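Peer 1: The structure is given below, and queries will be raised subsequently.
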Amino acid sequence: MSHLSPLLVQSSGICAERGEGSWLYDKDGNRWLDFTSGIGVTATGHCHPRVVAAAQEQVAKLVHAQYATVSHPNMLALTDRLYEHLPDGLDAVAFSNSGSESVEAAIRLARQTTGRTNLIAFRGGFHGRTLGAASLTTSTSKVRTGWQPLMAGVSIAPFPHAYRYRQDMAPCVDDCLHELDHIFATECNPADTAAIIIEPVQGEYGYYPADAAFMQGLRERCDKHGILLIADEIQAGYGRTGKFWSHEHFGARPDIIITAKGLASGYPLSAIAASKELMSHGYPGSQGGTYGANAVACAAALATLDVIEDEQLVNRADKLGKELLAHLQGLQQEHDCIDDIRGMGLMLGLEIVSAPHQPDGERAAKLLKHCEANGLLMLRCGSNGQVVRWLPPLTVSEAEIEQAVDLFATALKET
Ligand SMILES: Cc1ncc(COP(=O)(O)O)c(C=O)c1O
């Protein structure tokens, strides 16, 4: 009998015992093609041999080199390796264990360095479950329910959800930037605003990419008013969208980047990156914790970067993402219930509807149950659970993509 808290809601009935590449296995040898990647974490696939070897070697050497007490080589090497992938000028990295913790670290840094209180986040954004991160989150009210009031000083601005607003992208961007200026004029004076935080490709709300004109509009406003631009790259970063960082698609450089998920192939590790200059204006000792930059997690992160570079996973995400998109567009031609396909690279979402623009979370749930019964593990997202997300490891093969599309096509026919 299990004594697991009933408040942990699991989306499948699978008890996974083992993972290998794109596959998860239970103790009876049943297997599922895992197109969730543990919510975008196992970008190198389950138990990539090079990540396993690096972690095993480190476990036998040193596990907990408490980073506020001592330094350790893996942590230092990881800052150097990350630096090679960071935009010019972002030359300092601080580690934590989870995405939410790094969001909190970014909030602290922004408030301490600007001396300002307010933050602007975007409708539909997901930034985590801790108090500060949840206060920035509006992808679903589930995260905010029953424990309000949350952190003060947050304004929510519209994100260019062109599909949802039934607009083309250009007028939608104009409207959203206009509304942001209105927020500055009416509720959140730029002089009080520490940072604007954005997922350049929104995840949990339903795989909505931002737009170059929008991101550049944010950059201009940040430059004009001395506001910091924070890119939450936790789900869309680390190669998933076909560029190393998702903001690179949009030509707007952030002042702070937050990363986690794909960073260490499943070991709990997250980070924020900013300029040393910016970090030097924060409060000494404000970054730290008990478990941050765990030596095994850092070893796994270094091996993850080796795999990403040597197997050219960023290019793979771009190439295979285009192939997957073509398959999904083929399904859309045949099935009216697929109203929209959004996303970039190997981060794609299908909007499931009962009629145009009528989100159908129940149908999406049924589809996923049928997929699970036939050996394909998928996840939903979106405010009504109406978006089926395609989030395979970046190591997925073309044959596995075709197999997953076939299994999903069967589920479409069965439901
Ligand atoms: C964009 C984004 N930010 C923050 C988080 C929170 O990360 P964690 O669950 O590791 O706290 C997530 C998790 O899904 C995410 O997708």
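The values are calculated or read from the model by the stated rules, or taken from the named source; none is laboratory data. Being a predicted model, the structure only gives us computed values, none of them experimental. When we count neighbours, we look across all protein chains shown, and the Cβ atoms used for this are built from the backbone with ideal geometry, even at glycine.
Peer 1: In region 270-300, which residues are touching a helix residue (DSSP H, G or I) at 6+ places or on another chain (Cβ under 8 Å), over 28 Å from ALA54 (Cα atoms) and either surrounded by 21 or more Cβ atoms within 10 Å (Cβ to Cβ) or not aromatic (Phe, Trp, Tyr) (or both)?
Peer 2: Those that are touching a helix residue (DSSP H, G or I) at 6+ places or on another chain (Cβ under 8 Å), over 28 Å from ALA54 (Cα atoms) and either surrounded by 21 or more Cβ atoms within 10 Å (Cβ to Cβ) or not aromatic (Phe, Trp, Tyr) (or both): LEU278, MET279, HIS281, GLY282, SER286.
Peer 1: List the number of the failed condition for ILE197; all other conditions in (1) aliphatic (A, V, I, L, M); (2) under 19 Å from THR138 (Cα atoms); (3) in contact with a Phe, Trp or Tyr (Cβ under 6 Å, 6 or more places away or on another chain) hold.
Peer 2: For ILE197, the failing item is (3).
Peer 1: Only residues that are touching an Asp or Glu at 6+ places or on another chain (Cβ under 8 Å) and within 15 Å of ALA231 (Cβ to Cβ): list them for region 111-127, please.
Peer 2: Residues satisfying the conditions are PHE122, GLY125, PHE126, HIS127.
Peer 1: When only residues in region 159-205 that are surrounded by fewer than 24 Cβ atoms within 10 Å (Cβ to Cβ) and among the polar types (S, T, N, Q) count, which is nearest to the chain's Cα centre (by Cα)?
Peer 2: Within region 159-205, the match that is nearest to the chain's Cα centre (by Cα) is GLN167.
Peer 1: For region 113-153, give me each residue that is of a type in the set (A, V, I, L, M) and closer than 14 Å to ASP232 by Cβ.
Peer 2: Correct list: LEU119, ILE120, ALA121, ALA133, ALA134, LEU136.
Peer 1: Against the conditions (1) closer than 15 Å to LEU394 by Cα; (2) basic (Lys, Arg); (3) buried (at least 16 other Cβ atoms within 10 Å of the Cβ), where does LYS319 fall short? Just the number, please.
Peer 2: (3)
Peer 1: Going by the conditions given, is GLU402 part of a strand (DSSP E or B) and either at negative phi or crowded, with 18+ Cβ neighbours inside 10 Å (or both)?
Peer 2: Spelling it out, it is not the case that GLU402 is part of a strand (DSSP E or B) and either at negative phi or crowded, with 18+ Cβ neighbours inside 10 Å (or both).
Peer 1: So LEU379 fits all but one of (1) touching a Gly at 6+ places or on another chain (Cβ under 8 Å); (2) under 21 Å from VAL201 (Cα atoms); (3) surrounded by 18 or more Cβ atoms within 10 Å (Cβ to Cβ); what number is the exception?
Peer 2: The failed condition is (1).
Peer 1: Still on this structure, please answer the following. Considering only residues that are crowded, with 20+ Cβ neighbours inside 10 Å and either away from the ligand (no atom under 16 Å from the Cβ) or free of Cβ contacts under 8 Å to residues at least 40 places away in the same chain (or both), which ones fall in region 220-240?
Peer 2: Selection gives CYS222, ILE227, LEU228, LEU229, ALA231, GLU233, GLY237.
Peer 1: Tell me which of these ALA152 doesn't satisfy, since it passes every other one: (1) surrounded by 15 or more Cβ atoms within 10 Å (Cβ to Cβ); (2) away from the ligand (no atom under 15 Å from the Cβ).
Peer 2: (1)
Peer 1: While we're looking at this one, here's another question. Which one is farthest from the chain's Cα centre (by Cα) among residues in region 323-336 that are free of Cβ contacts under 8 Å to residues at least 24 places away in the same chain and surrounded by 14 or more Cβ atoms within 10 Å (Cβ to Cβ)?
Peer 2: In this case the residue turns out to be GLN332.
Listed here are the residues, each with its yes/no results for (1) surrounded by fewer than 22 Cβ atoms within 10 Å (Cβ to Cβ); (2) of a type outside the set (Val, Ile, Thr); (3) more than 10 Å from the ligand (Cβ to nearest atom); (4) more than 26 Å from ASN74 (Cβ to Cβ).
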position: GLY242; (1), (2), (3), (4): no, yes, yes, yes
position: ARG253; (1), (2), (3), (4): yes, yes, yes, yes
position: ALA260; (1), (2), (3), (4): no, yes, no, no
position: PRO268; (1), (2), (3), (4): yes, yes, no, no
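Peer 1: Away from the ligand (no atom under 16 Å from the Cβ) and on the phi > 0 side of the Ramachandran plot, is that true of GLY206?
Peer 2: For GLY206, the condition - away from the ligand (no atom under 16 Å from the Cβ) and on the phi > 0 side of the Ramachandran plot - is not met.
Peer 1: Then there's this: Give the number of residues within region 82-101 that are within 16 Å of the ligand (Cβ to nearest atom) and in contact with an Asp or Glu (Cβ under 9 Å, 6 or more places away or on another chain).
Peer 2: Residues of region 82-101 within 16 Å of the ligand (Cβ to nearest atom): 94-101.
Checking which are in contact with an Asp or Glu (Cβ under 9 Å, 6 or more places away or on another chain) leaves us with 96, 99.
Residues in region 82-101 being within 16 Å of the ligand (Cβ to nearest atom) and in contact with an Asp or Glu (Cβ under 9 Å, 6 or more places away or on another chain): 2 in total.
Peer 1: Being in contact with a strand residue (DSSP E or B) (Cβ under 6 Å, 6 or more places away or on another chain) and assigned by TED's automatic domain parsing to the domain that holds ALA260, is that true of even one residue in region 61-83?
Peer 2: Quick first cut of region 61-83, residues in contact with a strand residue (DSSP E or B) (Cβ under 6 Å, 6 or more places away or on another chain) only: 79, 82.
Within this subset, residues satisfying the condition of being assigned by TED's automatic domain parsing to the domain that holds ALA260 are 79, 82.
Within region 61-83 (the criterion being in contact with a strand residue (DSSP E or B) (Cβ under 6 Å, 6 or more places away or on another chain) and assigned by TED's automatic domain parsing to the domain that holds ALA260), the answer is yes, since at least one residue qualifies.
Peer 1: Counting just the residues of region 112-144 that are farther than 24 Å from VAL9 by Cβ and of a type in the set (Ser, Thr, Tyr), which one comes out surrounded by the most Cβ atoms within 10 Å (Cβ to Cβ)?
Peer 2: THR113
Peer 1: Any residue at all in region 392-399 that is hydrophobic (A, V, I, L, M, F, W, C) and either assigned to a loop (DSSP other than H, G, I, E, B) or at pLDDT below 95 (or both)?
Peer 2: yes
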